[in-house]
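Asker: Have a look at the structure that comes next, please.
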Amino acid sequence: MVTAQNGLPWWYFYKVGEPYEGLQLESVDPGGRQWTGIGPERAIGCVVYVASEIAEPGVIRHLSGNRFTLGEPSGAKTARVKAISRALIGAGVRAPVRNIRHEMWLKLWGNVSFNPISGLTLATLDKVATEPGTRGVARAMMEETREIAAALGVHLRIGIERRIEGAVAVGAHRTSMLQDLEKGRAMEIDALVTSVQELGRLVGVATPAIDIVLALVRQRAEVARLYPG
């Protein structure tokens, strides 16, 4: 089972090693229902580097990117993950097999900040990442996220400014959270933001910037009836 999603997956602490082996993320899997019902041993991670929009039900408008990075929770290059990689490459997309947790954090590093800020401001990615005020808020959230990742043994391979400039290069893209808000769909707040706050509490890293933005975007979604109150 390939779980291609934004944010942190419910199986994140499967095969991660001590001291957190087997921990279940309440923010993305309340009560461990997916962990128990599906089983983390079935999961293969996938980080999607594609900018796209839902034009209408069943129709996806592809804007840029074609990379689908894969990885086993254990980090092993198993026969099953290599077979999936070959199939995707055969279909014309990039599908490298890598340390999937490092890849997840690298993408989440932008999503934890740019997505909720865009949901609050209704601004496209280029505006969020270049306007000094919102760029500063995003940077503060990313600094907290980097510290949490480091506490969990994940060291992001690029700097914050380079990550922000990567977002600028995408251009006037509506983030997935902004698209959900505009189209009246449930907003993916917990996987992208609440999960990072939960892990901050776990490892003892303060998250003042994340806490503020999370409180605001939750209320924005609740008012729109797109998040459980």
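The values are calculated or read from the model by the stated rules, or taken from the named source; none is laboratory data. From a predicted model like this one, the values you see are computed outputs, not experimental measurements. Glycine gets a Cβ as well: all are built from the backbone with ideal geometry, and neighbour counts include every protein chain shown.
Asker: Do you know which of the residues in segment 96-124 that are aliphatic (A, V, I, L, M) and modelled with pLDDT of 95 or more is surrounded by the fewest Cβ atoms within 10 Å (Cβ to Cβ)?
Answerer: Leu122
Asker: Mind checking which pairs have a first residue in segment 204-225 that is within 30 Å of Tyr20 (Cβ to Cβ) and surrounded by fewer than 19 Cβ atoms within 10 Å (Cβ to Cβ) and a second that is among the hydrophobic types (A, V, I, L, M, F, W, C) and modelled with pLDDT under 95, Cβ under 6 Å, 6 or more apart or different chains?
Answerer: Close Cβ pairs satisfying both conditions: none exist.
Asker: Residues in segment 89-121 that are more than 21 Å from the chain's Cα centre (by Cα) and either polar (S, T, N, Q) or assigned to a helix (DSSP H, G or I) (or both): how many? Working first, answer last.
Answerer: Initially, segment 89-121 is screened for residues more than 21 Å from the chain's Cα centre (by Cα), giving 89-92.
Remaining after also requiring either polar (S, T, N, Q) or assigned to a helix (DSSP H, G or I) (or both): 89-90.
Qualifying residue count for the region: 2.
Asker: If you scan segment 71-89, which residues turn out to be without any contact (Cβ under 8 Å) to a residue 24 or more places away in the chain, among the aliphatic types (A, V, I, L, M) and surrounded by 16 or more Cβ atoms within 10 Å (Cβ to Cβ)?
Answerer: Leu88
Asker: So, of the residues in segment 161-203 that are hydroxyl-bearing (Ser, Thr, Tyr), touching a helix residue (DSSP H, G or I) at 6+ places or on another chain (Cβ under 7 Å) and under 23 Å from Tyr12 (Cα atoms), which turns out to be modelled with the highest pLDDT?
Answerer: Pass one, segment 161-203, residues hydroxyl-bearing (Ser, Thr, Tyr): 175-176, 194-195.
Then keep just the ones that are touching a helix residue (DSSP H, G or I) at 6+ places or on another chain (Cβ under 7 Å); that gives 175-176, 194.
Restricting the remaining residues to those that are under 23 Å from Tyr12 (Cα atoms) gives 176, 194.
Working: Ser176: 89, Thr194: 96.
So the residue we want is Thr194.
Asker: Please report, ordered by residue number, the helices (runs of 4 or more DSSP H) entirely within segment 123-229 with at least 1 residues that are of a type in the set (Val, Ile, Thr).
Answerer: Details: elements: 125-130, 132-151, 160-170, 176-183, 195-203, 208-223.
Once the helices (runs of 4 or more DSSP H) in segment 123-229 are filtered for at least 1 residues that are of a type in the set (Val, Ile, Thr), what remains is 125-130, 132-151, 160-170, 195-203, 208-223.
Asker: Can you name the condition, by its number, that Glu143 falls short on among (1) among the acidic types (Asp, Glu); (2) over 28 Å from Glu21 (Cβ atoms); (3) at pLDDT 95 or above?
Answerer: Evaluating Glu143 over (1) among the acidic types (Asp, Glu); (2) over 28 Å from Glu21 (Cβ atoms); (3) at pLDDT 95 or above leaves (2) as the failure.
Asker: Looking at segment 147-176 only, could you name the residues that are touching a His at 6+ places or on another chain (Cβ under 9 Å) and more than 15 Å from Ile117 (Cα to Cα)?
Answerer: Of the residues in segment 147-176, the ones touching a His at 6+ places or on another chain (Cβ under 9 Å) are 149, 154-157, 167.
Hits for segment 147-176 are Ala149, Val154, His155, Leu156, Arg157.
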